[in-house]
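One structure is given below, encoded as structure tokens.
The values are calculated or read from the model by the stated rules, or taken from the named source; none is laboratory data. Computed from a predicted structure; not experimentally measured. Backbone-built Cβ (ideal geometry, glycine too); neighbour counts: all protein chains shown.
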Amino acid sequence: MNGIKTVLLLGAMSGLLLWGGQALGGQKGLVMAFGFAVLMNFASYFFSDKIALSMYSAQPVSRSANPHIYDRIGPMTEELTRRMGLPMPKLWVIPDHSPNAFATGRNPQHASVAVTAGILELMNDRELEGVIAHELGHVKHRDILISSVAATIGAAITMLGRMAFWFGGSRSRDDEGNSSPLAGLAMLILAPIAATIIQMAISRTREYSADAAAAKYTGSPDGLISGLRKLESFSKRIPMDASPATAHMFIIKPFTGQALMSLFSTHPATEKRIAALEALRGEPTWSHSAVN
């Protein structure tokens, strides 16, 4: 299902690009937009994880790179992947004091889990295990491809919208079609909104599923409940310089104060997520099923 959604997302964004290209540049603009769409689709599928990680200056975590961090999160991640039947993902740390985390990659074999320095400082091991289990839940449910693709496309569309604002009405009168001086403004406003609406459509229910997976495979919802409460509080105290195009990737919506970020929430309310987790108390977990 997520594979079909990814194809539809790429198609929708490609169509938006082609429309914008023709509106701004006529036939030549359409050809240029088509070329960019092909390039964008290729990069979104194969390199979206690398693009997302580079946007936040993520650094690798392994026994040789950042071993002090690996000693803390590596063993718990290895144990969780064993329980979930997943390959070990690459681990990354983001040098940001705002507490948050996300998973990315095109499939479980090419998955990465990134945590901020702030979340390592804020959380105890039980809470951190819940957060990592949540991100691995996205990997297990194969949410990460469409999430990563949406982030890459959203960033590209936003950038093109800003470029279109400056060049929208400047094409030559000799070009085919009529000049559209308002096309640039339309792209500036509509393109980021269109990208964000699509992100909203793919993001809300999957957070509940990843939360439930964390509760199941850690043996209790309590660690993630405590972690979400801390994230809700401290992410507002310590804002993160995050792009609206990537907001849906994080375990909790980054608080930045940007107008676009506040207008379009890509996550369910934290209190609703906590209520759903509390309702899972007493449900079968990995530890119970392993014993039985």
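Of the residues making up the stretch 221-234, just one is of a type in the set (Ser, Thr, Tyr) and either in contact with a Ser or Thr (Cβ under 7 Å, 6 or more places away or on another chain) or modelled with pLDDT under 95 (or both), namely 233.
Taking the stretch 79-130 as the range and being polar (S, T, N, Q), crowded, with 24+ Cβ neighbours inside 10 Å and either touching a helix residue (DSSP H, G or I) at 6+ places or on another chain (Cβ under 7 Å) or assigned to a loop (DSSP other than H, G, I, E, B) (or both) as the test, the residues that pass are 98, 100, 104.
Return the residue satisfying two criteria in turn: it lies in the stretch 138-170 and is small (Gly, Ala, Ser), farther than 14 Å from residue 104 by Cβ and buried (at least 22 other Cβ atoms within 10 Å of the Cβ), and of such residues it is modelled with the highest pLDDT. Of everything passing the filter in the stretch 138-170, 156 is modelled with the highest pLDDT.
All conditions in (1) modelled with pLDDT of 90 or more; (2) farther than 23 Å from residue 49 by Cα hold for residue 187, with the sole exception of (1). Looking at this structure, is residue 76 closer than 30 Å to residue 124 by Cα, more than 17 Å from the chain's Cα centre (by Cα), assigned to a helix (DSSP H, G or I) and at pLDDT 95 or above? Yes, satisfied.
In the stretch 211-253, the residue that is nearest to residue 116 (Cα to Cα) out of those that are among the basic types (Lys, Arg) and in contact (Cβ under 8 Å) with a residue 40 or more places away in the chain is 230. Search the stretch 101-112 for residues that are among the acidic types (Asp, Glu) and pair each with any residue that is buried (at least 24 other Cβ atoms within 10 Å of the Cβ) and assigned to a helix (DSSP H, G or I) when their beta-carbon atoms are under 7 Å apart and the residues are at least 6 apart or on different chains. Close Cβ pairs (under 7 Å, with a partner that is buried (at least 24 other Cβ atoms within 10 Å of the Cβ) and assigned to a helix (DSSP H, G or I)) do not exist here. For the stretch 59-82, a tally of residues being of a type outside the set (Lys, Arg), within 24 Å of residue 215 (Cα to Cα) and without any contact (Cβ under 8 Å) to a residue 12 or more places away in the chain returns 4.
The set of residues in the stretch 58-73 that are in contact with a strand residue (DSSP E or B) (Cβ under 9 Å, 6 or more places away or on another chain) and assigned to a helix (DSSP H, G or I) comprises 67, 69, 70, 73. I'm trying to understand the selection: among the residues of the stretch 250-272, which are modelled with pLDDT of 90 or more and over 18 Å from the mean Cα position of the chain (by Cα)? Those that are modelled with pLDDT of 90 or more and over 18 Å from the mean Cα position of the chain (by Cα): 271, 272.
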